[in-house]
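Comments concern the structure below.
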Amino acid sequence: MSSTLRLTIVTESPICPGTGGGRFGFVDRDATFTPSGLPVLRAKRLYGLLRDAYRDLALLQWPLSPEDALFGKPGQESPGALRLTDATLERASELQPFLAAVKARSKTPAFSPEDVIAHYSEILRQTAMEDGAPKENTLRATRAIRQGLTFHAPVSPLSPEDRNTLALAAAAVHRMGTSRSRGLGKVRFSLEER
């Protein structure tokens, strides 16, 4: 029986792996969600975090498989061995059909995608200070994914050397998203074989 690999991400503080935008009048920075309101961590962001962690480990001269073999060369058509998909919330495959059924059964469902988003996120506000008082027009709102959530992303089959390298890189990722120096974004990455 062949095993499958998956990347597991646990949020240890609120995280905002932003969309690059917000919702005018509501939040200045927003996290990413599916159309039904479930939080999601985009593969492109995970890939970049893992590559950065790999490079940090390479500086420490860890024995790693070649970067280009695992991640590919930037701007080249031939990718590396690593293939990721978006990381979805644990049990999302069970929640998605339930949310779709609730929406389909009623013209006015018991809850909306915004309600689902509110369940899995929180709005954090911060402002700049000057001489002990808030500066004018600096209040910002960030919608962050709550701490204590687990996400999984399937990983393409890898050679044993690449699997070990990816496991080391995953273990080296400790923060993601915006406001990492302000207490947000603490995560625990791990590579699991199932």
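If R0 equals 35 Å, the separation of the Cβ atoms of residue 106 and residue 4 corresponds to a calculated FRET efficiency of about 0.40. Where [x] 15.1; [y] 11.7; [z] 10.4 are the candidate values, the label of the one calculated here for mean projected area of the Cα convex hull in nm² is [x]. Taking the chain as a Gaussian network, Cα atoms linked when under 10 Å apart, which of 78, 65, 13 shows the biggest mean-square fluctuation? The residue with the greatest mean-square fluctuation here is 78.
Given an 8 Å cut-off on Cα distances and at least 6 residues of separation, report the relative contact order of the chain as a percent.
43
Cα gyration tensor of segment 29-142, axes a ≥ b ≥ c as square roots of the eigenvalues: rounded (a/c below 1.5), prolate (a/b > b/c) or oblate?
It is oblate, given that a/c is not under 1.5 and a/b is not larger than b/c.
Under 10 Å, Cα contacts only: if you run a Gaussian network model on the chain, which one of 94, 161, 122 comes out with the highest mean-square fluctuation? Sorting by GNM fluctuation, first place goes to 94.
Within the straight-line cut-off of under 23 Å between alpha carbons, the lysines reachable from residue 44 are 73, 186, sequence neighbours fewer than 8 places apart in one chain being disregarded.
Averaging the Cα positions of each part gives two centres, and for segment 50-94 and segment 141-155 these lie 19 Å apart.
Taking amide H positions as modeled 1.01 Å from N, with prolines and chain starts lacking one, no residue 5 or more places away or on another chain lies under 5 Å from residue 147.
With 0.36 nm allotted per residue and the present C-alpha distance subtracted, the residue 188-residue 77 stretch has 36.8 nm of extension available.
Values in this text are rule-based calculations from the coordinates and carry no lab data. Nothing here was measured: the structure is a model prediction, and the numbers come from that model. Here Cβ is always computed from backbone atoms with ideal geometry, including for glycine, and neighbour counts include all displayed protein chains.
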